[in-house]
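Trainee: Let me begin by handing over the structure; questions about it come next.
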Amino acid sequence: MDFDLPWTEKYRPKNLEEVIGHKEIAERLKAFVKSKNVPNMMFAGPAGIGKTSATLALARELFGDAYSESLLELNSSDERGIDIVRGKIKDFARVLPLADVPFKIIFLDESDALTPDAQHALRRTMEVYAGATRFILSCNFSSKIIEPIQSRCVVFRFKPLSENDIREMLVKISNNEGIKISEDGIKAIIYISDGDMRKAINALQGASTLSKSISEETIYKVSSRARPQEIKEMMEFALKGSFVEARNKLDYVLLNYGMSGEDVLLQVYREVASLDVPDRAKVQLVDRIGEYNFRMVEGANERIQLEAMLAQIMLIGQNAHESKK
Ligand SMILES: Nc1ncnc2c1ncn2[C@@H]1O[C@H](COP(=O)(O)OP(=O)(O)OP(=O)(O)O)[C@@H](O)[C@H]1O
Ligand SMILES: [Mg+2]
């Protein structure tokens, strides 16, 4: 039933018109649909911004009812072995196109998960079936795709969605689901989603299970993020030498929001720019945050690293203060 569907699926764009943002890309795709002529394409860009959605919308517009027989979706990271991918492509390409479009589309999701060897095999496959198939490769990092494949594709770069793009979707869903969300709540989702629509929709749905009236606090709770202001306060305590207070703040965000060490570091990093310290101190802060991030990734004790970072912030604050004198 409808309300069991995750909202990311329920509100997935049904046609190219409904794809939010990416105006130029959508226009070019519409032109392909109109001429019933599609090149091999590569959709590159970060997660959750509409690469898969644009592909599905394109296929729907192009193939109409024959949509499901005319599009083969393959996930490169599930089906690591290129032999399996090739086998599926072969079976699919053997059956002639059904719609009045003379080709079928193969969508290779997460193609940057394919090893270079697999990519070379794929390049050959693309050539063999060039007559009756078109490929759309989606990837997060185009640099991981070998040059010969890139040169066979028209490359579209998808950018993170803007605040207004995210807002548009949040308002649409809230209205449709009968949810009240405060302006602060919307701003909080925009902050935590970082241009990723999937994250934004999931945060809204997560919060809506707690309450039909959504505030900033609910959003930060369901997404394990602290209010930016709280992180900033923690850093400001450290900068002015109040180590104990900074540590208390740290305890609070860790407990209250259930954040991981890396979550805290990421938010600390994002607040650097907004601090009232000289540029030199900001540079030092970023340098230190980078170091602690590396240590945590390598498995060092999170709690100790976070406190050590606060201590470093304190020293940087002291230096900045002294050089002002
Ligand atoms: N531009 C957009 N317009 C409208 N909805 C979007 C857009 N981008 C993402 N969404 C929503 O977010 C969900 C995830 O988007 P999609 O699957 O297209 O992301 P993706 O770019 O393919 O990400 P990934 O790299 O993780 O595969 C969709 O189901 C849809 O609900
Ligand atoms: Mg995708």
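Here, each number is a calculation from the coordinates, and none is a lab measurement. Treat the numbers as computed from the prediction; the structure is a model and nothing was measured. Don't worry about glycine lacking a Cβ; one is built from the backbone with ideal geometry, like all the others, and counts go over all protein chains shown.
Trainee: Of 238, 278, 160, which is farthest along the charge dipole of the chain in the positive direction, counting Lys and Arg as +1 and Asp and Glu as -1 at C-beta?
Mentor: Farthest towards the positive pole: 160.
Trainee: Simple spin-label model, 7 Å along Cα-to-Cβ: residue 162 to residue 276 in nm?
Mentor: 3.2
Trainee: Let me ask you something else. Which entries of 30/180; 221/324; 104/159; 51/90 have Cα-Cα distances beyond 29 Å here?
Mentor: In this structure, 30/180; 221/324 exceed 29 Å between Cα atoms.
Trainee: Same structure, new question: What FRET efficiency comes out for the pair residue 266/residue 18, r = Cβ-Cβ distance, R0 = 30 Å, nearest 0.05?
Mentor: 0.45
Trainee: Give the value in nm², to one decimal: projected area of the alpha carbon convex hull of region 182-325, averaged over all directions.
Mentor: Working: hull surface 36.0 nm².
Computed as one quarter of the Cα hull surface, the answer is 9.0 nm².
Trainee: Under a point-charge model restricted to the Cβ atoms of Lys and Arg (+1) and Asp and Glu (-1), what is the dipole moment magnitude of the chain relative to its Cα centre, in debye to the nearest 20?
Mentor: Charge dipole of the chain: 680 debye, to the nearest 20.
Trainee: While we're here: In what sequence, highest mean first, do 202-210, 105-113, 16-24 appear when ranked by Cβ atoms within 10 angstrom?
Mentor: The packing order, highest mean first, is 105-113, 202-210, 16-24.
Trainee: Determine the percent antiparallel among the DSSP beta bridges restricted to region 2-157, to the nearest 5.
Mentor: So the antiparallel bridges amount to about 0 percent of the total.
Trainee: Evaluate the relative contact order of region 228-324 (contact order divided by residue number), counting alpha-carbon pairs under 8 angstrom at least 6 apart; express in whole percent.
Mentor: Relative contact order comes out at 39 percent.
Trainee: While we're looking at this one, here's another question. Sticking to Cα atoms, compute the Rg of the chain to one decimal and its Dmax as the biggest Cα-Cα distance, whole number, in Å.
Mentor: 24.0, 79
Trainee: Springs between alpha-carbon atoms under 10 Å, Gaussian network over the chain: tell me which of 247, 157, 225 tops the mean-square fluctuations.
Mentor: It is 247.
Trainee: Right, next: If you count, for each residue, the other Cβ atoms within 10 Å and average over each peptide, how do 30-41, 282-293 line up from highest to lowest? Write out the running numbers ahead of the final one.
Mentor: Numbers: 30-41: 14.8, 282-293: 16.6.
Averaged packing, sorted descending, gives the order 282-293, 30-41.
Trainee: Let me have the 222 nm mean residue ellipticity of the chain computed from DSSP H runs of 4+ only, each contributing -39500 (n - 2.57), with the sum over all residues rounded to the nearest 500.
Mentor: Helix-only estimate at 222 nm: -18000 deg cm²/dmol.
Trainee: Would you mind getting me the FRET efficiency between residue 303 and residue 88? Use the beta-carbon distance for r and R0 = 45 Å, nearest 0.05.
Mentor: Here the calculated transfer efficiency is 0.40.
Trainee: If I histogram all Cα-Cα distances within region 1-65 using bins 10 Å wide from 0, what percent of pairs lands in each bin?
Mentor: Spelled out bin by bin, region 1-65 gives 20, 52, 24, 5 percent.
Trainee: What is the pair-distance distribution P(r) of region 2-157, computed from all Cα-Cα distances in 10 Å bins starting at 0, with each bin given as a whole percent?
Mentor: 11, 42, 37, 10, 0
Trainee: What ranking do 231-238, 166-173 get when scored by the average of other Cβ atoms within 10 Å per residue, highest first?
Mentor: Order by mean packing, descending: 231-238, 166-173.
Trainee: Please get the size of the charge dipole for region 94-227, origin at its Cα centre, with Cβ charges of +1 on Lys and Arg and -1 on Asp and Glu, quoted in debye to the nearest 20.
Mentor: 180
Trainee: P(r) of region 163-222 in 10 Å steps, Cα pairs, percent per bin?
Mentor: For region 163-222, the pair-distance distribution reads 27, 66, 8.
Trainee: For region 2-157, give the magnitude of the charge dipole about the Cα centre (Cβ charges: +1 Lys/Arg, -1 Asp/Glu; no others), in debye to the nearest 20.
Mentor: For region 2-157, the charge dipole is close to 520 debye.
Trainee: Could you calculate the FRET efficiency of residue 154 with residue 245 from 1/(1 + (r/R0)^6), where r is the beta carbon distance between them and R0 is 41 Å, rounded to 0.05?
Mentor: The formula returns an efficiency of 0.15 here.
Trainee: Which three numbers, in whole Å and largest first, are the semi-axes of the equivalent ellipsoid of region 281-325 derived from its Cα gyration tensor as √(5λ)?
Mentor: Working through the eigenvalues yields semi-axes of 24, 11, 4 Å.
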